[in-house]
Every structure is written in C-alpha cells, then in structure tokens.
Amino acid sequence: MNWVAWKMLTGNRGKYLAIIMGVTFGAFLIAQQASVFCGLMMLTTSQIKDIEGAEIWAMDKNMQYVDDIKPMSDNELWRVRGVEGVDWAVRLYKGITRARLEEGTFQQIIMIGLDDATMVGAPREIIVGSIDDLRRPDAVIMDEAGFRQLWPDEPFSAGKVFEMNDRRAVVVGVCKSRKTFMTFPIIYTRYSQAVSFVPMERKVLSFILANPKPDVSAEEVCRRIEAQTDLQAQTRAQFEWTTIWYYFRKTGIPFNFFTTVLLGFIVGAAICGQTFYMFTLENLKQFGALKAMGARNLQLVRMIMLQALTVGFIGFGLGIGSVAMLFGEFIMRRTDKLAFFMPWQVVAITGGSILVMVIFSALFSVWKVLRLEPAVVFKG
Amino acid sequence: MPATHDNPTSDRTVAVACRGVTKEFGDGNALVRALRGVDLDIYNGELSLLVGPSGCGKTTLLSVVCGILYPTAGSIHVFGTEITKLSSSKLVGFRGDNVGFVFQQFNLLPALTAVENVCVPLLLKGVPRRHALEKAYQMLEKVNLRDRADAPPSNLSGGQQQRVAIARALIREPRLMVCDEPTSALDARTGHTIMELLREISIEQSRAVVVVTHDPRVYEFGDRIATMEDGRVVGVEEQTPKPGPPPKTPSMVEESVAETS
C-alpha cells in the first residue's frame, strides 16, 4: 500500500507542492536563522581562534568571556611559569582603545599585544609586510577588514599613521583575521608597546598564554594552574565554549533567534498541517472505501505517515539545500557581512523540527481517519 | 441456513440471514431507530433489491449486512458466520475476504489509473503489486475495459467508472456483493447496462448481490425485492427477473457492457 499512498500524495499536484512548500519554508527559516545564530556565536570566539600557538589560556578567575578583560598583575605570569607541567607561558594584552586618525576622526580599535620575544599569537596570514616588522618602533599590523574600514578606497599598504593615547602608531603590515563580534578594526603590536598605547594602569596583563609539556595534557595543566594560582585556566576549546555560553546565557541573542526559529516552525507547521489535513479530508471517502474493503487502521496510519514523511524529507532537503546554496555559497562568497555557519547540529535540529512538524501535521489526519466510520462510503 | 424458492438461477442457499436486526443511533431525545427488527434472507446466485423511500433504513441495513456497522440487536449470519459476534478486527478481515463493494459515487482513487484502482483490494491483502496488476487487467477484461486500463477515473465516463468499481469489487472474488445506488449517478441507459452486468455477476459463480436502489426502472433486474418502510422490511416479493443472457458466459458480459463504453 506504500505505492498507493505515494500515488495518492503525488496525484494532486497542487496540494502536494503546497505541502512541500510549507515544509520547505519551515526548514529554510529554521536552518537559516539557526545558521546565522551559529555564525554570530562563532564570531564571539574568532579572536580566540585567531590567537594561535598556545593551548592554554590563563586569566583572572572572574573573567566570563574573551572580551570581559580583568587585568592581572605581571607577577601572575611567573606563578604560571612555576606550575609543574607548564612548558612555557607568555603575556598577552587584549583591549579596546581609541584611535585618532590623521583627518581627526576617532575609531574604536581592538588591540592585541603580543609577547615581545616570542610573538606567540601573531597572525598567520600576512598580506602586506611581515611579523618581524612589528619590532620596529610604533609598529602595528592591522587586519584587512579594519584597513578597509578606516581607509575604504585605498589599496593595502604600509605607512599609514594614526594616534592612540597621544602616541604615534604606524601600520607596518596588513593581515587576515576572522570577523569579530564587535566589528572593530584589530591591530597587533608588541606587548611592551601595547601598554603604552593605552592610559597607564597598575595592572595591564590580560591573558597568559601557555603550553603544556609534551607528557602532560592541557586539561591537567589547567587544573594545576587553577590549584596553584588564583587564576582560572582553560584550554583553547574550553575557552571558546565558555565565551559562547556567556553570550548564550547572558544576552537576548538566543531568545531572539529562537522566536524566529519558532515562527518558522509554526508557520511551516500551519501551512503543512492545514494542507495535509485538507488533503486527507478530500480523500476521506476514499479512505472510507479502503476501510470498507478491508483496510486495517494500521495500514491507513502507515499510508498517512509515509505521505507525511515523504513530504517532510523532500521539504527538508529543499529547505536545507536552498539555505546552504543561497547563504553558504552564493551570499557568503559575495560579502563578508553575513555571519553564517551551518554545523551538522543545525542540520540535525532542522531535521528533527521538520520531523516533529510533519508528524504533528499527520496526527490530525490520522485522528480523522481512525475515527472514520467506513459507513461514510454509503452516504451519497 | 438453507431455504428454497422458485427462482431457477438461485442455488437456493441463504447467503445472509438477518433476524430481529435493530440499529439505533444517538441516545436520549436524539435517539434514532434506523432499523426496527428486520428479518431478511438473501440468497446465493440472486440479485436482491432493497427498495423504499428515503430514510427508511435501506443503507443502514446494507451497512450491517456487509459488516461495516454493528447492529444494536439481532443477529446476522453471512455464509454461516455470525458477523455480529466477530471482533472489529476479525470483521475487517471477513469483509475483505467475503464482501465486494460498489458505491453510488464509485469512490475510485482519483490519483490511480483504472487498473491500479482495481488492484487495490489485493494490495490491501498484501499481494505483490505485479501479481495484483496482472489480476486487475484480467478483471478489466471481464468488464470490457481493458483498453481504458491506464486511464485515470477523471477520463472515464460514469458508466466506465462504475464498471471499474465493479471490477475492483470482484477482484478478490467475494461471495457477497453490496451495491449502494449503483445506477443513481448514471443515465438510464448506462444504469440499465450496469444492472445487467450485476445480474450476470450474481449468476456467475452463484454470488449473492444486494442492491439498494430508489430507481423503479431497475426493479425488473431483481430476483427478489425487499421493500422497507420506517426501519422494517414490510414485504419481500420474488419475481422472475427480466430475461437476460445465459449464465457464466464472459463474452456476453463483454457485449452487454460494451454499450457503456
């Protein structure tokens, strides 16, 4: 009877397409909004990802996410270096400062101060200049999006000058970096220079980057650092999740996206459910005839469920496929303004939502058919 | 429950025996007594007509006879089985194996072709599609619609659709066929042809065929006419039906149904 169910479903092209459109719309909206949400969440961790070379991030124990800087004393660096299992540990400055451009305008800038000796955390892809250029006086390397933002119509080049904290800074290179949540330009400079680009404070150390010795796991070294110092220490992956969870728990972003996802689910379910129900109502006499001819309830339920799962599967494929093609390929290749990331979890969640949607839609039809008296076929 | 009567085409055995059958719908002030103690026998090899005014209980009686409604009281034996005592699930199986249905509005699945519609009862039984289709082509051949096998119901005339429905009803070779107003959606000439076909079906393989009808023009085809009024059978008239073709000659079936093509 699966074949009959399939023929019944596809026989009415208009309704068949309408149900698929409803499911596709739902899948599209759910997957698109969930992917944009994931994209935004990924932006919050982009700086952790960009600062490579160290497995362990040690920081003030009250820090909640990567931008929640609580400066530490430089002495903390020596404490971390003294923990057993730490191979090496270096300083990292991270903060937001205000730059004054030559034409007198101001711009907020994210500044990363790298350890002077090792340059751990330096950008990997340099477009103009080199990392060694950072050793020059007043030198900074700016990310390409920042350069475009500050000097929109000019080609990437070294030599641009601006001021921070009344000190001259010279752009000696341009690098690639991931987009950030706050979309400010990013500059990389030496630690010793970074602290001079901001107003003087007693404590300026933002993070301590460390690596474990080869025979110890990063997680174990983190535990030791936390036990022996008054700091918190996390692996790179842990710190990314800490940051994501902070935004998840403390901001309205997930809730706002959830409302849109829910809207997609409701609208999709409404279109799908109503059309599917109408489709069943139209075929009610036929279902009654099947019952009269000896069809068992289980056979009819299987037919309806097969129809529902078929449209669900097709609609899900079309929805996910169109989101991936339109946003993942077409738009992402043409603009860097879109935050879009579709991990397998989004695909799975969308699939699960669609499954619930079509089963929910089908239940009304199942209920109607189960309650259907076969005697309905004798009502002219 | 054997019985005798004078019709030469009947094999004189009772297919369906109803005794004291009542059927009520609703309760309290909304109680409707659709059947009020019906006694009726339906014989194998006969075409029995159930006639009477609207609302007299013809269709309700047909529904309880074929096992799609349980009566409120009374007993119904179909081929010796008391179907009123069967569980709902067993009754479904009994219907599938023993009863063929022909409906006023045909109730063909619009998305299926004629031959696909015909094979549906076999698919319900779990017969593989290929075998079911083979048998369905044979049944369409019997009702002279082989050439329209691949047409959807919407491309068939009313008479052709009713013949498809009859082929569908016959495909599991039921011993009882119930037909609800099979001619009311058809013009007089086509209705006449359909009744001839049903009569021949009753003769062939000695089937019991029950037809509910309003249409006095088809009375001539019945071996037995049961008249109903207000939920009761008020009279059963045996008659010698209109002379038709000799029994069990498929070629004659084809000739008669060719008129509806």
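Scanning the stretch A:155-184 for residues that are aliphatic (A, V, I, L, M) and either open to solvent by less than 40 Å² (accessible area, probe 1.4 Å) or not assigned by TED's automatic domain parsing to the domain that holds A:Val128 (or both) yields A:Val161, A:Met164, A:Ala169, A:Val170, A:Val171, A:Val172, A:Val174.
Residue by residue, here is whether (1) surrounded by fewer than 24 Cβ atoms within 10 Å (Cβ to Cβ); (2) touching a residue at least 60 places away in the same chain (Cβ under 8 Å) holds:
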| site | (1), (2) |
| --- | --- |
| B:Ser154 | yes, no |
| B:Gln162 | no, yes |
| B:Arg172 | yes, yes |
| B:Asp187 | yes, no |
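For the stretch A:333-364, name all the residues that are surrounded by 17 or more Cβ atoms within 10 Å (Cβ to Cβ) and farther than 30 Å from A:Ile304 by Cα. Answer for the stretch A:333-364, where residues must be surrounded by 17 or more Cβ atoms within 10 Å (Cβ to Cβ) and farther than 30 Å from A:Ile304 by Cα: A:Ala339, A:Phe340, A:Phe341, A:Met342. Taking (1) facing chain A (nearest Cβ under 10 Å); (2) part of a helix (DSSP H, G or I); (3) crowded, with 19+ Cβ neighbours inside 10 Å in turn, B:Ser89 satisfies each apart from (3).
Count of the stretch A:272-290 residues, restricted to those that are closer than 19 Å to B:Glu116 by Cα and either without any contact (Cβ under 8 Å) to a residue 40 or more places away in the chain or among the aromatic types (Phe, Trp, Tyr) (or both), is 2. Taking the criterion of being surrounded by fewer than 13 Cβ atoms within 10 Å (Cβ to Cβ) and assigned to a strand (DSSP E or B), the residues of the stretch A:86-145 that qualify are A:Phe106, A:Gln108. Of all residues in the stretch B:44-60, those satisfying the criterion of being open to solvent by less than 20 Å² (accessible area, probe 1.4 Å) and closer than 12 Å to B:Thr227 by Cβ are B:Ser48, B:Leu49, B:Leu50, B:Val51, B:Gly52, B:Cys56, B:Gly57, B:Lys58.
B:Ser63 satisfies every condition listed in (1) of a type in the set (Ser, Thr, Tyr); (2) more than 14 Å from every other protein chain (Cβ to nearest Cβ); (3) closer than 19 Å to B:Val210 by Cβ except (2).
With respect to (1) closer than 30 Å to A:Phe184 by Cα; (2) within 14 Å of another protein chain (Cβ to nearest Cβ), the lone exception for A:Phe327 is condition (2).
For the stretch A:365-380, the set of residues classified as modelled with pLDDT of 85 or more, open to solvent by 10 Å² or more (accessible area, probe 1.4 Å) and in a helix (DSSP H, G or I) consists of A:Val366, A:Trp367, A:Lys368, A:Leu370, listed by residue number. Of all residues in the stretch B:103-121, which are assigned to a loop (DSSP other than H, G, I, E, B) and touching a helix residue (DSSP H, G or I) at 6+ places or on another chain (Cβ under 6 Å)? Passing the criteria: B:Phe103, B:Phe106, B:Asn107, B:Leu108, B:Leu109, B:Pro110, B:Ala111, B:Leu112.
Conditions (1) over 29 Å from the mean Cα position of the chain (by Cα); (2) at pLDDT 85 or above; (3) of a type outside the set (Ser, Thr, Tyr), marked per residue:
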| site | (1), (2), (3) |
| --- | --- |
| A:Trp6 | yes, yes, yes |
| A:Lys15 | yes, no, yes |
| A:Leu29 | no, yes, yes |
| A:Met41 | no, yes, yes |
| A:Asn62 | no, yes, yes |
| A:Asn75 | yes, yes, yes |
| A:Tyr93 | no, yes, no |
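Number of residues in the stretch B:34-60 that are aliphatic (A, V, I, L, M) and within 14 Å of chain A (Cβ to nearest Cβ) equals 3.
A:Phe276 passes every criterion in (1) aromatic (Phe, Trp, Tyr); (2) open to solvent by less than 20 Å² (accessible area, probe 1.4 Å); (3) within 30 Å of the chain's Cα centre (by Cα) apart from (3). Between B:Gly80, B:Gly96, B:Gly28, the distinction of being more than 30 Å from A:Phe279 (Cα to Cα) and in contact (Cβ under 8 Å) with a residue 12 or more places away in the chain belongs to B:Gly80 only. Residues being within 14 Å of another protein chain (Cβ to nearest Cβ) and among the aromatic types (Phe, Trp, Tyr) are entirely absent from the stretch B:131-154. Only one entry of B:Phe79, B:Phe101, B:Phe25, B:Phe106 meets the criterion of being open to solvent by 10 Å² or more (accessible area, probe 1.4 Å), within 14 Å of chain A (Cβ to nearest Cβ) and under 19 Å from the mean Cα position of the chain (by Cα), and that entry is B:Phe106. Report yes if some residue within the stretch A:9-30 is assigned to a helix (DSSP H, G or I), within 12 Å of another protein chain (Cβ to nearest Cβ) and open to solvent by 50 Å² or more (accessible area, probe 1.4 Å); otherwise report no. The answer is yes, given that some residue of the stretch A:9-30 is assigned to a helix (DSSP H, G or I), within 12 Å of another protein chain (Cβ to nearest Cβ) and open to solvent by 50 Å² or more (accessible area, probe 1.4 Å).
For the stretch A:207-228, a tally of residues being in contact with a strand residue (DSSP E or B) (Cβ under 7 Å, 6 or more places away or on another chain) and either open to solvent by 80 Å² or more (accessible area, probe 1.4 Å) or within 16 Å of A:Gly53 (Cβ to Cβ) (or both) returns 11.
Restricting the stretch B:28-67 to residues that are under 27 Å from B:Met195 (Cβ atoms) and among the charged types (D, E, K, R), the residue that is nearest to the chain's Cα centre (by Cα) is B:Glu46. Among the conditions (1) farther than 18 Å from A:Gly288 by Cα; (2) open to solvent by 10 Å² or more (accessible area, probe 1.4 Å), the only one that B:Glu116 does not satisfy is (1). Restricting the first member to the stretch A:291-307 and to residues that are at positive phi and at the interface with chain B (Cβ under 8 Å from one of its Cβ atoms), and the second to residues that are of a type in the set (Phe, Trp, Tyr) and surrounded by fewer than 20 Cβ atoms within 10 Å (Cβ to Cβ), the beta-carbon pairs closer than 9 Å and six or more apart or on different chains are A:Gly294/B:Phe94.
The values are calculated or read from the model by the stated rules, or taken from the named source; none is laboratory data. These numbers were taken from a predicted model, which means no experiment stands behind them. Cβ coordinates were reconstructed from backbone atoms using ideal geometry, including for glycine residues, and neighbour counts include every protein chain displayed. Accessible surface areas use protein heavy atoms only, side chains included; no ligands, DNA or RNA. Shrake-Rupley method; radii C 1.70, N 1.55, O 1.52, S 1.80 Å.
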